[in-house]
Structure formats: C-alpha cells, structure tokens
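Q: A single structure is presented below for examination.
The values are calculated or read from the model by the stated rules, or taken from the named source; none is laboratory data. This is a predicted model, so every value here is computed, not measured. Because the Cβ atoms are built from the backbone with ideal geometry, glycine has one as well, and the counts that use them run over all protein chains shown. Each accessible area value is taken on the protein alone, full model and side chains, heavy atoms only, with ligands, DNA and RNA left out. Shrake-Rupley method; radii C 1.70, N 1.55, O 1.52, S 1.80 Å.
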Amino acid sequence: MTAVPAALEARSLTQRYGSLTALRGVSLRVEAGEVVAVTGPSGSGKSTLLHLLGGLDVPQEGEVWWAGTRVDTLDTQVRATRRAGQVGLVFQHHYLLDDLTVIENVLIPSRLAGQRDEARARDLLARVGLGGREAALPGVLSGGERQRVAVARALAARPATVLADEPTGSLDRANAQAVAQLLVNLAREERAGVLFVTHDDRLAAFADRTLHLLDGQFTESVPALL
Ligand SMILES: Nc1ncnc2c1ncn2[C@@H]1O[C@H](COP(=O)(O)OP(=O)(O)O)[C@@H](O)[C@H]1O
Ligand SMILES: [Mg+2]
C-alpha cells in the first residue's frame with residue numbers, strides 16, 4: 001500500500017474538564033494542501049481541539065496523527081521537538097519575542113527542529129510583505145505586521161500542518177482579511193494542510209471546507225446560534 005498519509009488526523013478525541021465534556025469523540029482529516037475552517041460558538045470546544053491537534057495537550061481518549069505518525073502517545077519532550085518541525089502554530093496573540101529581531105523570531109521553530117535556514121526565513125518574510133524588515137524588533141511593527149511575522153514563523157520549518165486559533169481575532173477587518181489570505185495562500189503554495197478557527201464567515205470562505213463545532217461535536221448544519 002502506498003496511501004499518502006493525511007497531513008493531520010484526529011480519531012475520536014474526547015476531552016473532559018471535571019464534569020464538563022469539552023470534546024465528544026471528534027474525528028477529522030486534513031490533507032496536504034487542504035484548508036479547513038472550524039467555526040462554532042464560544043465554549044464549543046474549538047481551542048480544546050486545536051490544543052490536542054497541536055500536541056500542546058494530550059486527549060483523554062482518542063488519537064492524534066501528524067503526517068502518518070501517532071503523536072499523542074509520545075513523550076512530551078519528544079513531541080515538542082517533533083512539533084517544531086511538523087506543526088506551525090498561529091494564535092490570536094502573536095507571541096513574538098520582543099528582544100529578538102523579526103528574522104530571529106521567524107527562525108525559532110526551525111532552530112528547535114535543528115534545521116535553521118535563514119534564506120527560507122527571508123523568502124517567507126518577503127512573501128508576507130515584510131522584505132527589508134528582517135532586523136526590526138517586533139515593538140516597532142503594527143499589529144497586522146506582527147501577525148504576518150507569526151504567519152512566516154509558522155511556515156518556516158516546512159511543517160506538514162498549520163494550526164491557527166482565531167489568528168486574526170485581534171486585527172481590524174482589513175488587516176484580518178489580508179493576514180488570513182496570506183496564511184491560506186502561503187500554506188497552499190507550500191502544500192501544508194491548514195486548520196483555522198474563525199468567527200468570521202468572510203474568512204471561512206477562504207477555506208476548502210468548513211467544520212461546525214457545537215457542544216464538543218461536529219454538526220452537519222451551521223448552528224443557529226452562531
Ligand atoms: N483548562 C480548562 N479547565 C476547565 N474548563 C475548561 C478549560 N479549557 C476549556 N474549558 C471549558 O471547555 C469548554 C470548551 O472551551 P474551549 O475549547 O476554550 O472553547 P472555544 O475555543 O470554542 O471557545 C468551555 O466550556 C470551557 O469553559
Ligand atoms: Mg477558543
């Protein structure tokens with residue numbers, strides 16, 4: 001068999017916080033080059049799902065696979081090193097390190113993965129419209145520019161998958177559109193799978209398909225309360 005493994009796969013993820021069940025047997029597959037949006041009301045389990053998919057937390061039940069390898073059963077440190085090379089993360093807050101230059105921030109995941117590649121980082125910065133700003137400190141950039149650095153950083157180590165939790169949630173509408181479009185375009189060019197959480201239908205429209213989460217499960221239809 002030569003079946004191509006999914007960029008990302010989740011099998012029957014269940015996660016509880018005390019008596020509260022945040023995820024109820026969620027399964028999904030994201031192929032290389034595919035862009036999937038996840039929508040759902042506040043508290044429906046979106047961030048819990050992304051934390052499990054990114055290996056930042058491990059599921060109480062179920063499995064997480066990155067590019068054909070099961071990772072939820074790995075030792076935490078082994079999983080962290082593997083994450084640096086295989087999963088790009090973008091959050092609502094940029095989480096850039098203020099004391100490092102833009103290019104050094106972009107290089108963090110590839111350094112952790114043992115494959116520091118400065119030419120690659122420069123190329124990505126140019127592609128997000130920040131050519132020439134490599135030596136700047138994050139503090140002098142606008143909010144939209146910082147989030148574009150975070151997008152470049154997420155792709156620097158050539159990850160199989162990019163996970164983004166409301167990546168444009170702190171930006172104004174014009175910047176949100178631009179950053180989401182950049183993330184999706186770059187990931188498609190790089191053949192990475194993307195799964196991004198958004199509250200905004202205009203951003204979900206950039207995806208190949210949209211999954212709706214309600215009360216810890218995917219639903220067929222758009223929840224009426226959205
Ligand atoms: N660390 C935690 N401890 C207790 N409850 C949590 C924790 N994280 C999330 N929850 C609860 O789990 C549910 C899903 O949360 P979350 O995944 O953050 O949803 P969303 O991102 O869709 O808003 C919510 O009811 C939330 O209050
Ligand atoms: Mg959330």
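Q: Filtering region 27-71 down to residues that are basic (Lys, Arg) and more than 16 Å from ligand 1 (Cβ to nearest atom), which residue is nearest to Leu214 (Cα to Cα)?
A: Arg29
Q: So if I check each of Ser27, Ser42, which one is outside any helix (DSSP H, G or I), of a type in the set (Ser, Thr, Tyr) and touching a His at 6+ places or on another chain (Cβ under 9 Å)?
A: None of the others qualify; the one that does is Ser42.
Q: So in region 1-26, with the set limited to residues that are open to solvent by less than 30 Å² (accessible area, probe 1.4 Å) and away from ligand 1 (no atom under 13 Å from the Cβ), which one is farthest from Asp200 (Cα to Cα)?
A: Ala6
Q: Mind telling me which of the residues Gln86, Gln115, Gln92 ends up being open to solvent by 20 Å² or more (accessible area, probe 1.4 Å) and in contact with a Phe, Trp or Tyr (Cβ under 6 Å, 6 or more places away or on another chain)?
A: Going through Gln86, Gln115, Gln92 in turn, just one is open to solvent by 20 Å² or more (accessible area, probe 1.4 Å) and in contact with a Phe, Trp or Tyr (Cβ under 6 Å, 6 or more places away or on another chain): Gln86.
Q: Cβ-Cβ below 7 Å, separation at least six or inter-chain, first residue in region 26-47 and closer than 20 Å to Ala180 by Cα, second of a type in the set (Ser, Thr, Tyr) and part of a loop (DSSP other than H, G, I, E, B): which pairs?
A: Matching pairs, first to second residue: Ala37/Thr198; Thr39/Thr198.
Q: Being assigned to a loop (DSSP other than H, G, I, E, B) and closer than 20 Å to Val162 by Cβ is the requirement here; does Ala6 meet it?
A: Criteria met by Ala6.
The rows are residues; the columns are (1) part of a strand (DSSP E or B); (2) under 21 Å from Asn105 (Cα atoms); (3) free of Cβ contacts under 8 Å to residues at least 12 places away in the same chain; (4) within 16 Å of ligand 2 (Cβ to nearest atom).
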residue: Leu124; (1), (2), (3), (4): no, yes, no, no
residue: Gly131; (1), (2), (3), (4): no, yes, yes, no
residue: Gly139; (1), (2), (3), (4): no, yes, no, no
residue: Arg146; (1), (2), (3), (4): no, yes, no, no
residue: Val151; (1), (2), (3), (4): no, yes, no, no
residue: Ser170; (1), (2), (3), (4): no, yes, no, yes
residue: Val179; (1), (2), (3), (4): no, yes, no, no
residue: His199; (1), (2), (3), (4): no, no, no, yes
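Q: Now, a different point. Counting just the residues of region 144-177 that are out of contact with any helix residue (DSSP H, G or I) (no Cβ under 7 Å at 6 or more places or on another chain) and closer than 14 Å to Gly129 by Cα, which one comes out surrounded by the fewest Cβ atoms within 10 Å (Cβ to Cβ)?
A: Looking at residues that are out of contact with any helix residue (DSSP H, G or I) (no Cβ under 7 Å at 6 or more places or on another chain) and closer than 14 Å to Gly129 by Cα, I get Glu145.
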